[in-house]
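In what follows, a structure is listed as structure tokens, so that the remarks can point back to it.
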Amino acid sequence: MSIFVLDLDGIVQDPEDPHAKLIKDVSRIVRKPYEELFDHYARQFRDNDTEEMYHLSLCNTKEQKGEVRVRWSQLHENMDKAKPIPAAKELLEVLRSQGHQIYAFTKGKVEIQKRRLRRNGISEFFPQIVYSARKGTREGFERDLLPELPKGKPIVVVGDSFYQDIEPALSRENISCVWIRWPDSDEPVPEISDDDHANLRIVKSTQELANLVKKGAFDG
Ligand SMILES: [Mg+2]
């Protein structure tokens, strides 16, 4: 029996307007590299308002500021909308039936995540949602997440964002990581394979992970 720590967006649900998409648009508007803006989001995010201020600080003209503000207001309008990901429910059901404990780890506001999960009919699987604005950093992982988990059980961390979900957990020997590397991801993707790390497994979809769990890949 393990503790499965699941990222929500990109694992069980697809937000209509993910932050990675907004960051791409803003990087185009302010003419700064996408990687630089994404890195700020991954490592220095505090809340949406502060992130928007940071984007506005990158603008050189009034027009750019106007466009950035419009883009952020679109994100707020779309905030509650998320589609279920194929096999999400199947994954959650098989984890539960095998007796694994499920935790969500998110930097999205808990109320918003609860509304998204309810709309998609999977909120019953997530009585435990751990929030950390600094998810994506070692501090977020070690100080905000780990103290919330029961002690003495193997931990499996599942996420679709290498830098936010996987990297902070990767150097810990007692934690396994599953990176769902969607072929069409909007996020920066490093050139690594699961041969590079003993505790890393890379899959291409939530369905592939559900199949692995069914086959007992996390039993031992
Ligand atoms: Mg995600």
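Can you tell me which residues in region 1-44 are of a type in the set (S, T, N, Q) and within 14 Å of the ligand (Cβ to nearest atom)? Give the steps one after another, and end with the answer.
Our first condition is that a residue be of a type in the set (S, T, N, Q); within region 1-44, this holds for 2, 13, 27, 44.
Hit for region 1-44 is GLN13, nothing else.
Scanning region 121-144 for residues that are open to solvent by less than 30 Å² (accessible area, probe 1.4 Å) and assigned to a loop (DSSP other than H, G, I, E, B), which turns out farthest from LEU91 (Cα to Cα)? I'd like the intermediate steps shown before the answer.
Filtering region 121-144 for residues open to solvent by less than 30 Å² (accessible area, probe 1.4 Å) gives 122, 125-126, 130, 132-133, 135-137, 140-141.
Those still in the list that are assigned to a loop (DSSP other than H, G, I, E, B) too: 122, 126, 132-133, 136.
Details: ILE122: 11, PHE126: 13, SER132: 24, ALA133: 26, GLY136: 24 Å.
Per the stated criteria, the residue is ALA133.
How many of the residues making up region 1-33 are open to solvent by 10 Å² or more (accessible area, probe 1.4 Å) and in a loop (DSSP other than H, G, I, E, B)?
Quick first cut of region 1-33, residues open to solvent by 10 Å² or more (accessible area, probe 1.4 Å) only: 1, 7, 9, 14-19, 21, 24-25, 27-29, 31-33.
With in a loop (DSSP other than H, G, I, E, B) added as a condition, the list becomes 1, 7, 16-18, 31-33.
So the count comes out to 8.
For a quick check of your reading of the model, give me the residue pairs whose first member lies in region 99-113 and is among the basic types (Lys, Arg), whose second is open to solvent by 30 Å² or more (accessible area, probe 1.4 Å), with beta-carbon atoms closer than 8 Å and at least 6 apart or on different chains.
Partner pairs satisfying both residue conditions: LYS107/TYR131; LYS107/ARG134; LYS109/TYR131.
All but one of (1) in a loop (DSSP other than H, G, I, E, B); (2) among the basic types (Lys, Arg); (3) free of Cβ contacts under 8 Å to residues at least 24 places away in the same chain hold for ARG46; which doesn't?
(3)
I'd like the residue in region 145-162 that is crowded, with 20+ Cβ neighbours inside 10 Å and over 12 Å from VAL5 (Cβ atoms) and, out of all such residues, is farthest from the ligand (Cβ to nearest atom).
Here is the first cut: in region 145-162, the ones crowded, with 20+ Cβ neighbours inside 10 Å are 145, 155-162.
Okay, now just the ones that are also over 12 Å from VAL5 (Cβ atoms), so 160-162.
Working: ASP160: 4, SER161: 5, PHE162: 10 Å.
Applying the filter and picking the extreme gives PHE162.
Within region 70-120, take every residue that is small (Gly, Ala, Ser) and not in a loop (DSSP other than H, G, I, E, B) and give me the one that is most open to solvent (accessible area, probe 1.4 Å). Before you say what the answer is, go through the steps one by one.
If we filter region 70-120 for residues that are small (Gly, Ala, Ser), which is where we start, we get 73, 82, 87-88, 97, 99, 104, 108.
With the extra rule that they be not in a loop (DSSP other than H, G, I, E, B), the set shrinks to 73, 82, 88, 97, 104.
Numbers: SER73: 53, ALA82: 18, ALA88: 3, SER97: 95, ALA104: 0 Å².
Of everything passing the filter in region 70-120, SER97 is most open to solvent (accessible area, probe 1.4 Å).
Based on this model, can you work out whether TYR131 counts as at pLDDT below 95 and within 15 Å of the ligand (Cβ to nearest atom)? Full working, then the answer.
Working: at pLDDT below 95: no; within 15 Å of the ligand (Cβ to nearest atom): yes.
Spelling it out, it is not the case that TYR131 is at pLDDT below 95 and within 15 Å of the ligand (Cβ to nearest atom).
The values are calculated or read from the model by the stated rules, or taken from the named source; none is laboratory data. Predicted, not measured: the structure shown is a model, and the values here were computed from it. All Cβ positions, even for glycine, are placed from backbone atoms using ideal geometry, and neighbour counts span all protein chains on display. These area figures cover heavy atoms from the full protein model, side chains too; ligands, DNA and RNA do not enter into them. Shrake-Rupley method; radii C 1.70, N 1.55, O 1.52, S 1.80 Å.
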